[in-house]
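Only the coordinates and a few stated rules stand behind these numbers; no lab work does. Note that the coordinates shown come from a computational prediction; the quantities given were computed from them, not determined experimentally. Don't worry about glycine lacking a Cβ; one is built from the backbone with ideal geometry, like all the others, and counts go over all protein chains shown.
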Amino acid sequence: VQLQASGGGLVQAGGSLRLSCAASGNIFAINTMVWYRQCPGKQRELVAATTRGGSTSYADSVKGRFTISRDNAKNTVYLQMNSLKPEDTAVYYCRVFIRGDDYWGQGTLVTVSS
């Protein structure tokens, strides 16, 4: 299973970005799909997660600003990020769970300028 993340870039504070993470390979059904981020000098943290049934959860720091969604037919998870802040600057990683195994994407850099 391979994960390809995209959509990162440089944006001004208050702007928006949409991240995508597409899974490919020998996939039967993806269960939970998760976005993490690692801010400079900090540990990796969970940002948002979505189950196959569509339930979602968010870190308190992004609630009301970020929206996670998925397209099961495309094996893709998205992260719509609005009202971005400089503290959202990080490398964002996707992670998926398939039948007890988990897989990580390569990360995509998001830089928010003040």
- Residues satisfying the stated conditions in the stretch 73-94, i.e. buried (at least 18 other Cβ atoms within 10 Å of the Cβ) and not in a strand (DSSP E or B): Asn75, Leu84, Asp88, Thr89
- Answer yes or no as to whether Ser113 is more than 15 Å from Gly8 (Cβ to Cβ) and either polar (S, T, N, Q) or touching a residue at least 60 places away in the same chain (Cβ under 8 Å) (or both). no
- Item | Lone unmet requirement of (1) of a type outside the set (Ser, Thr, Tyr); (2) touching a residue at least 24 places away in the same chain (Cβ under 8 Å); (3) surrounded by fewer than 17 Cβ atoms within 10 Å (Cβ to Cβ); (4) over 23 Å from Arg99 (Cβ atoms) for Glu45 | (2)
- Task: Exactly one condition in (1) over 10 Å from the mean Cα position of the chain (by Cα); (2) farther than 20 Å from Ile30 by Cβ; (3) surrounded by 18 or more Cβ atoms within 10 Å (Cβ to Cβ) is not met by Arg70; state its number.
- Result: (2)
